[in-house]
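Written below as structure tokens is the structure these notes are about.
The values are calculated or read from the model by the stated rules, or taken from the named source; none is laboratory data. The structure presented is a predicted model; accordingly, all values stated were derived computationally and were not measured. A quick note on method: Cβ atoms are made from the backbone with ideal geometry, for glycine too, and the neighbour counts reach across all protein chains shown.
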């Protein structure tokens, strides 16, 4: 942590006007921009984008945090570590356990990439936690959608639409998020298991009314995490058995931040997002399976189309998350009808195509 | 619309759907003239009741070719006139698409058609130890398709989320009648999150023909703590205390004096009639967890000055305590010829302020108001009592309601938490959104429905395309 979290409303880090001014200039010059803050996601999640950088890293800081409301509002360039430190003082947390990428990850980038950690199937994604956004669209208008309250159905849900849009619909300026209290106790259990048995076990356990908060499998080992009221965690651990991981074990953090040895090389890294109970024929044994079966990582050179077909059979899609050819398409193809709708939607927000062009798909 | 086109529409829809699935005469159309907000009603050109997705597709294609508005309708339990027919359009009733297509207990999902009722899903999957989370008060009757259109909530949303958090995938038809699947069986999609956009879009972007819902494990145990308080302020503070203690209750509801008395007369649930406010706090989870949280909540309520405390003894008692709350709307309805239910959401910390302001408005308009409140997530349901046969009362009730919602926006909230905008709150949208924001919403609408034929006159005000736009007749544009 380089800085203390600032008290609400007292910092002078509102750079939204400067961002609007830069964007107006870029638009007038017909010069598209690539939105960046911490730079931790420059070459992951989407295609490479070679437009000039629009730096939003100075636009940072917590705007409002009311622990009793379970809501925090912060500027897009705020490092997640800063948010987390502020929440910890009140025994609260971001529900979606986002990757911190060495402290470089910011709130805006995390929303734009819709990145959530191992708790995602059990506590929701950042997309699920978003209550509202302030957004600068491609017409350089500063707009607010959603709000700071738990329920809001006035107008279309533009806030959640930003999750996974990779900044192609607007420059995210501020985000309001729903929070959760920190669990009283967390404990992890490990089992030796084949991949097939592990997928079944993860799904069966997720269907039980127990405080499961993580389930991943790698290399013959299934690890389950329990978080919640101490009484519930202890009784579940007794019932389920397994080897209890030491409290000092940082496997979950390394899984979250993608710093486990599995992620540590330059080979292409594929991310499958599929039906959690599905069997995928392609190289399941060498996958790392997270999110209770719903997110599966696969390392190595594979024919992209074959993986896309396998993902489709498993009810989902596959992304070339990191490495490989990042000038080509990195995401599963969409049907003609859906592609048309997505292009219309892009046009509705960014008619001149100046925001992160080609980052999500070459045609967006 | 010229008579010839009207005949053409009727002839072609009859050909595709059969005469039994088309209603043309006005008397038989009456049951479809409004949703549960009955002060807004009208009759359509015709009612179409398709039995299959292919028939829905044919209705959309014909309407697209003839440039006819289409208003989708589920069970008609909506509370914002979102399903009110368009006088020059087709009312597309989806109630006959009522099949549970598939249940996958291991992956914890169910594929259902839009006409399936909310509760029917939970009943169908109960044998697997699962249920569907969102539980609007109308869950016995309301359809899952309507839930998607309105992003419905219920009393359990703080812990288990809204509709948008509990659905994975939708089969939709575009306004042109083109079929596509959005979302996936996984937890995200490769392109833009159209699931987020479609959920709560009030039938303005497309027609949903199948829904894949996520299912949750039925909790091992659940228990309700009911506490009475001598002031609304004290009850509001107690809500904050529960949240601050790190407990996320499965449900946390507040009712004020008038609502308590009406509900008690109706349900005899044992509510304290002398209390200014009650809280109903349900905790669920494992047996041990529930025991732990019940004792924490009881201690908190005592320390916050509760004047009475009741803990549910068993399942029957828990149901009885909820029965009062769940029947609060009809119970309050017995106090006056009509009631008008509002739906603003506010930050929890503003509860006392807003309730006190509302009390003053109630005196100003000389209309009583009962408050039922999803306290855990800040969603207010003030019920304004009035007499719909008195035009002056109707005007006052509408004005009172508008002022409540504008107040909700002023304190940092919104005009609708879960009931939707529909016709009812269209005129209030500018109090929550700037012109640029409304134009952005309009551009989204235009991206999906360039001719503006899906549920016109609802949801999002149309500002810039007004000359070409077929708005609702002026009699529905209440000021």
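Within region B:311-338, which residues are buried (at least 22 other Cβ atoms within 10 Å of the Cβ) and touching a strand residue (DSSP E or B) at 6+ places or on another chain (Cβ under 6 Å)?
B:321, B:325, B:328, B:332
Just checking, which of A:167, A:214, A:207 is facing chain B (nearest Cβ under 7 Å) and in contact with a strand residue (DSSP E or B) (Cβ under 7 Å, 6 or more places away or on another chain)?
A:207
Does region B:231-265 hold any residues that are in a loop (DSSP other than H, G, I, E, B) and in contact with a helix residue (DSSP H, G or I) (Cβ under 7 Å, 6 or more places away or on another chain), and which are they?
Those that are in a loop (DSSP other than H, G, I, E, B) and in contact with a helix residue (DSSP H, G or I) (Cβ under 7 Å, 6 or more places away or on another chain): B:245, B:247, B:248, B:249, B:250.
For residue A:173, all conditions in the list (1) out of contact with any helix residue (DSSP H, G or I) (no Cβ under 7 Å at 6 or more places or on another chain); (2) assigned by TED's automatic domain parsing to the domain that holds residue A:98 hold save one; what is the number of the exception?
(1)
So residue B:118 fits all but one of (1) in contact (Cβ under 8 Å) with a residue 40 or more places away in the chain; (2) crowded, with 21+ Cβ neighbours inside 10 Å; (3) closer than 24 Å to residue B:47 by Cα; what number is the exception?
(1)
Considering only region B:270-293, state which residues are closer than 15 Å to residue B:247 by Cα and surrounded by fewer than 19 Cβ atoms within 10 Å (Cβ to Cβ).
The answer is B:288, B:291.
Any chance you could count how many residues in region B:1-48 are within 17 Å of residue B:75 (Cα to Cα), touching a helix residue (DSSP H, G or I) at 6+ places or on another chain (Cβ under 6 Å) and in contact (Cβ under 8 Å) with a residue 60 or more places away in the chain?
0
Regarding residue A:279, is this residue touching a strand residue (DSSP E or B) at 6+ places or on another chain (Cβ under 8 Å) and in contact (Cβ under 8 Å) with a residue 12 or more places away in the chain?
Spelling it out, it is not the case that residue A:279 is touching a strand residue (DSSP E or B) at 6+ places or on another chain (Cβ under 8 Å) and in contact (Cβ under 8 Å) with a residue 12 or more places away in the chain.
Taking the options B:367, B:309, B:335, name whichever one is modelled with pLDDT of 95 or more, within 25 Å of the chain's Cα centre (by Cα) and not in a helix (DSSP H, G or I).
B:367
Any residue at all in region B:276-284 that's at pLDDT 95 or above and over 30 Å from residue A:211 (Cα atoms)?
The answer is yes; a qualifying residue exists.
Does region A:233-242 include one or more residues that are buried (at least 20 other Cβ atoms within 10 Å of the Cβ) and within 14 Å of chain B (Cβ to nearest Cβ)?
Yes, region A:233-242 contains a residue that is buried (at least 20 other Cβ atoms within 10 Å of the Cβ) and within 14 Å of chain B (Cβ to nearest Cβ).
Is one or more of the residues making up region B:62-80 out of contact with any strand residue (DSSP E or B) (no Cβ under 9 Å at 6 or more places or on another chain), assigned to a helix (DSSP H, G or I) and either modelled with pLDDT of 95 or more or surrounded by fewer than 24 Cβ atoms within 10 Å (Cβ to Cβ) (or both)?
yes
Got a number for residues in region A:140-151 being more than 22 Å from residue A:61 (Cβ to Cβ) and more than 7 Å from every other protein chain (Cβ to nearest Cβ)?
Of the residues in region A:140-151, 1 are more than 22 Å from residue A:61 (Cβ to Cβ) and more than 7 Å from every other protein chain (Cβ to nearest Cβ).
Can you pull out every residue in region B:162-213 that is in a loop (DSSP other than H, G, I, E, B), without any contact (Cβ under 8 Å) to a residue 40 or more places away in the chain and either more than 8 Å from chain A (Cβ to nearest Cβ) or within 24 Å of residue B:68 (Cα to Cα) (or both)?
B:178
Restricting attention to region A:65-76, which residues are under 18 Å from residue A:37 (Cα atoms) and either free of Cβ contacts under 8 Å to residues at least 24 places away in the same chain or assigned to a strand (DSSP E or B) (or both)?
Passing the criteria: A:73, A:74, A:75.
Tell me which residues, restricted to region A:98-127, are within 11 Å of another protein chain (Cβ to nearest Cβ) and either surrounded by fewer than 22 Cβ atoms within 10 Å (Cβ to Cβ) or in a loop (DSSP other than H, G, I, E, B) (or both).
If the condition is that a residue be within 11 Å of another protein chain (Cβ to nearest Cβ) and either surrounded by fewer than 22 Cβ atoms within 10 Å (Cβ to Cβ) or in a loop (DSSP other than H, G, I, E, B) (or both), then A:114, A:115, A:116, A:122, A:123, A:124, A:125 are the ones that fit.
Just one of B:393, B:443 is surrounded by fewer than 24 Cβ atoms within 10 Å (Cβ to Cβ), part of a helix (DSSP H, G or I) and at pLDDT below 95; which is it?
Selected residue: B:393, the only one of B:393, B:443 that is surrounded by fewer than 24 Cβ atoms within 10 Å (Cβ to Cβ), part of a helix (DSSP H, G or I) and at pLDDT below 95.
Okay, residues lined up against (1) part of a strand (DSSP E or B); (2) under 24 Å from residue A:328 (Cα atoms); (3) in the same structural domain as residue A:139 (by TED's automatic domain parsing):
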position	(1), (2), (3)
A:31	no, yes, yes
A:41	no, yes, yes
A:47	no, yes, yes
A:50	no, yes, yes
A:57	no, no, yes
A:60	no, no, yes
A:63	yes, no, yes
A:96	no, no, yes
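Based on this model, can you work out whether residue A:137 counts as in contact (Cβ under 8 Å) with a residue 12 or more places away in the chain, facing chain B (nearest Cβ under 8 Å), in contact with a strand residue (DSSP E or B) (Cβ under 8 Å, 6 or more places away or on another chain) and surrounded by fewer than 24 Cβ atoms within 10 Å (Cβ to Cβ)?
yes
Considering only residues that are more than 12 Å from chain B (Cβ to nearest Cβ) and either without any contact (Cβ under 8 Å) to a residue 60 or more places away in the chain or over 21 Å from the mean Cα position of the chain (by Cα) (or both), which ones fall in region A:334-364?
Scanning region A:334-364 gives A:352, A:353, A:354, A:362.
Name the single residue that is surrounded by the fewest Cβ atoms within 10 Å (Cβ to Cβ) among those in region B:407-424 being in contact (Cβ under 8 Å) with a residue 12 or more places away in the chain and more than 7 Å from chain A (Cβ to nearest Cβ).
The qualifying residue surrounded by the fewest Cβ atoms within 10 Å (Cβ to Cβ) is B:411.
Looking only at region A:275-307, count how many residues are out of contact with any helix residue (DSSP H, G or I) (no Cβ under 8 Å at 6 or more places or on another chain) and more than 14 Å from chain B (Cβ to nearest Cβ).
Counting residues in region A:275-307 that are out of contact with any helix residue (DSSP H, G or I) (no Cβ under 8 Å at 6 or more places or on another chain) and more than 14 Å from chain B (Cβ to nearest Cβ) gives 7.
Just wondering, is there one or more residues in region B:217-239 that are crowded, with 24+ Cβ neighbours inside 10 Å, at negative phi and facing chain A (nearest Cβ under 10 Å)?
Checked region B:217-239: at least one residue is crowded, with 24+ Cβ neighbours inside 10 Å, at negative phi and facing chain A (nearest Cβ under 10 Å).
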